[in-house]
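S.K.: Dumping the structure here so I can ask a few things about it.
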Amino acid sequence: MKCKLCDERKAAIKRPKNGHAVCKECFFYVFEEEVHHTIVSNNLFKPGEKVAIGASGGKDSTVLAHVLTTLNKRYDYGLDLFLLSVDEGITGYRDDSLKTVELNKEYYQLPLLVISYEEIYGWTMDEIVKLVGLNNNCTFCGVFRRQALDRGAYKLGVDKITTGHNADDIAETVLMNILRGDFFRLSKCHKIITGEDDTMPRCKPLKYCYEKEIVMYAHLKKLDYFSTECSYAPQAYRGYVRELLKNMEKIRPSSIVDIIHSAEKMELDSDVKIPPKLSCTKCGFISSNKVCKACVLLDGLNKGRPKIAIGKKAIIAYEEDNKNQDEEVKEPEETKEAEETSGEISKSF
Ligand code: SF4
Ligand code: ZN
C-alpha cells in the first residue's frame with residue numbers, strides 16, 4: 001500500500017491518531033508540523049525567548065527536546081533552549097534516566113541544569129518513602145517537583161518552561177477531575193499555557209500528540225530514552241482512568257482529543273472558589289496560602305509528622321505549630337490537598 005500523504009513511498013505505519021497509512025518520512029514530517037501548528041496557533045513562544053525543556057529522560061521529554069530543536073532551526077523561532085532536570089533521588093530510576101538526559105545534552109548541544117530534592121529540601125524521595133510509605137509519596141513528589149522546576153528555571157534565567165505532557169496525559173487528568181468533581185482544576189488542566197499571570201509560565205507543545213505516536217516517533221527516530229516506570233508509582237486512581245481511556249481509544253481513537261476539546265469548551269461557574277495567588281511567607285514561591293504546600297510538607301517531614309502535613313487541615317496544624325516562632329502568620333485559609341499544583345498533571349514532565 002502506498003503512503004496516503006506522498007502517494008509515492010510504501011506505507012510503513014498506521015497512524016494511531018487517525019488510522020492513515022503513511023511512510024516513515026511523511027509520519028516524521030506531519031508529526032513535527034502538527035507540533036509546529038500547535039506552537040504557532042497558540043503563540044507559545046516569542047523570538048529571543050529563553051526556554052527550559054523539562055527533561056526527565058523519558059519518551060515525552062526526549063521527543064519534545066528533539067522536535068523543539070528541529071523546529072527551532074527549521075522555522076527560525078529564535079529560541080535559546082535549555083534542558084532542566086529534577087533529581088528526586090530515586091535509586092534505580094532517576095539516576096538512570098538522568099544518564100539519558102546527559103546523552104541528550106551532548107547530542108543536542110544544549111546546556112543542562114539538574115536540580116535535586118536533596119539540595120533544595122534536604123530529603124531524597126528514597127528517604128521520604130522510607131518515612132511515609134507508598135501511599136502518599138506522590139503528593140510529596142508532585143508538590144516538590146513543581147517548585148523545584150520553578151527554582152531551576154529561575155536559576156537558568158529562562159522566560160518559560162515547556163513540559164512533555166501529551167494528549168493522553170491531559171485527557172486522563174480531565175477525566176480524573178470530572179470523576180472527583182474538582183471544578184477548579186478541571187478548568188485549568190487542559191490549558192496549553194498555565195501560570196502566565198505567575199512569574200514562570202509553563203506550556204505543553206505536545207498537548208495534542210497521542211502517546212502512541214510519541215512512542216512511534218521516538219522508536220523510528222532511534223532516540224535515546226528511558227522507559228522504566230518509577231518504582232514508587234502506585235497512582236492507583238490514575239491507573240484506572242488510564243485503562244478506561246485506553247479502552248475507549250481502542251473503540252474510538254478520537255476519544256482522547258475529544259475529551260480535551262470538551263474540557264476546552266467548559267466554562268467555570270462563577271460560584272467555584274478560585275484560590276488566591278500569594279507568595280509563600282517562608283520560601284517566597286507561589287502559593288494559595290500564606291505558607292506554600294511545599295513548606296508545609298517539608299515541615300511535616302522535618303518534624304517526623306509527614307501524615308499531618310498531607311491532610312486537609314495541614315495548613316492549620318502548621319500554623320498552630322509555628323505560632324510562637326512566627327507571629328506574622330495569622331488566620332489560615334481552607335486549602336485543598338496539593339493545591340499548589342494548580343491543576344497541573346502530576347507526572348515527571
Ligand atoms: Fe514521584 Fe512520579 Fe515516582 Fe510518584 S511516580 S514518586 S510522582 S516520580
Ligand atoms: Zn514555601
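The values are calculated or read from the model by the stated rules, or taken from the named source; none is laboratory data. Since we're looking at a predicted model, the values are computed, not measured. Note: ideal-geometry Cβ built from the backbone for every residue, glycine included; neighbour counts use all protein chains shown. Just the protein is used for accessible areas: all its heavy atoms, side chains included, with ligands, DNA and RNA removed. Shrake-Rupley method; radii C 1.70, N 1.55, O 1.52, S 1.80 Å.
S.K.: Please give the peptides 120-133, 264-277, 82-95 ranked by average Cβ packing (other Cβ atoms within 10 Å per residue), highest first, as a rough proxy for protection.
M.R.: Working: 120-133: 17.6, 264-277: 9.9, 82-95: 21.4.
The most tightly packed comes first, giving 82-95, 120-133, 264-277.
S.K.: Take ILE193 and LEU268, extend 7 Å from each Cα along the Cα→Cβ direction, and tell me the distance between the two endpoints in nm.
M.R.: 1.7 nm
S.K.: Among PHE285, MET266, ASN302, flag the residue with its Cα farthest along the positive direction of the charge dipole of the chain, charges on Cβ as +1 for Lys/Arg and -1 for Asp/Glu.
M.R.: Sorting the options by dipole projection puts first MET266.
S.K.: Still on this structure: Could you sort the peptides 16-23, 159-166 by per-residue average Cβ neighbour count (10 Å cutoff), highest mean leading? Can you show the working numbers first?
M.R.: Details: 16-23: 16.9, 159-166: 24.5.
Those peptides, ordered most packed to least, come out 159-166, 16-23.
S.K.: Further, regarding this structure: For TYR240 and LYS155 in one chain, what is 0.36 nm times their gap in residues minus the Cα-Cα distance, to one decimal in nm?
M.R.: So the extension gain works out to 26.8 nm.
S.K.: Sticking with this one: Quick one: helix 255-265 against the long Cα principal axis of the chain, what's the angle to the nearest 10°, folded into 0 to 90?
M.R.: Tilt relative to the chain: about 60 degrees.
S.K.: Okay, next question. Over all directions, the average projected area of the alpha-carbon convex hull for the stretch 14-173 comes to how many nm²?
M.R.: Computed as one quarter of the Cα hull surface, the answer is 10.8 nm².
S.K.: On a 0 to 90° scale, report how tilted helix 211-220 is relative to the longest principal axis of the chain, with both axes built from alpha carbons and the result rounded to the nearest 10.
M.R.: 60 degrees
S.K.: Expressed in nm to one decimal, what extension gain is obtained for the pair LYS303 and LEU179 from 0.36 nm per residue of sequence separation less their Cα-Cα distance?
M.R.: That works out to 41.2 nm of additional length.
S.K.: Leaving ligands, DNA and RNA out of it, report the carbon-plus-sulfur percent of the accessible area of the chain at a 1.4 Å probe.
M.R.: 52 percent
S.K.: Once the Cβ-Cβ distance between ASN43 and LYS130 is put in as r, and R0 is 51 Å, what FRET efficiency do you end up with, to the nearest 0.05? Each step should come with its number before you reach the end.
M.R.: On the way: r = 45 Å, r/R0 = 0.89.
After rounding, the FRET efficiency stands at 0.65.
S.K.: Work out the FRET efficiency for CYS283 and ILE13 from their Cβ-Cβ distance, taking R0 = 51 Å, and round it to the nearest 0.05.
M.R.: Given R0 = 51 Å and the Cβ-Cβ separation, E is 0.60.
S.K.: So which of LYS50/LYS73; LYS105/LYS246; LYS155/LYS207; LYS59/LYS293 end up more than 21 Å apart, counting from Cα to Cα?
M.R.: Exceeds cut-off: LYS105/LYS246; LYS155/LYS207; LYS59/LYS293.
S.K.: Using alpha-carbon pairs under 8 Å, 6+ residues apart, how would you state the relative contact order of the stretch 26-139 in percent?
M.R.: Contact order relative to length: 23 percent.
S.K.: Sequence gap at least 6, Cα distance under 8 Å: using those rules, report the relative contact order of the chain to the nearest whole percent.
M.R.: Rounded, it is 18 percent for the chain.
S.K.: Follow-up question, since we're still on this one. Suppose all protein chains stay in the model; what accessible area per residue would a 1.4 Å probe give for the chain, in Å²? Before the final figure, lay out each step's value.
M.R.: Details: 16570 Å² over 349 residues.
It amounts to 47 Å² per residue over the chain.
S.K.: I'd like the orientation of helix 137-156 relative to the chain: the angle between its Cα long axis and the longest Cα principal axis, in ° from 0 to 90, rounded to 10.
M.R.: 80 degrees
S.K.: If you don't mind, another one. Cross-link partners among lysines for LYS10, C-alpha distance below 19 Å, same-chain residues fewer than 8 apart left out?
M.R.: LYS2, LYS24, LYS221
S.K.: The chain: D in µm²/s via Stokes-Einstein (Kirkwood Rh, Cα pairs, 25 °C, 0.890 mPa s)? List each step's numbers first, then the result.
M.R.: On the way: Rh = 21.2 Å.
D, rounded to a whole number, is 116 µm²/s.
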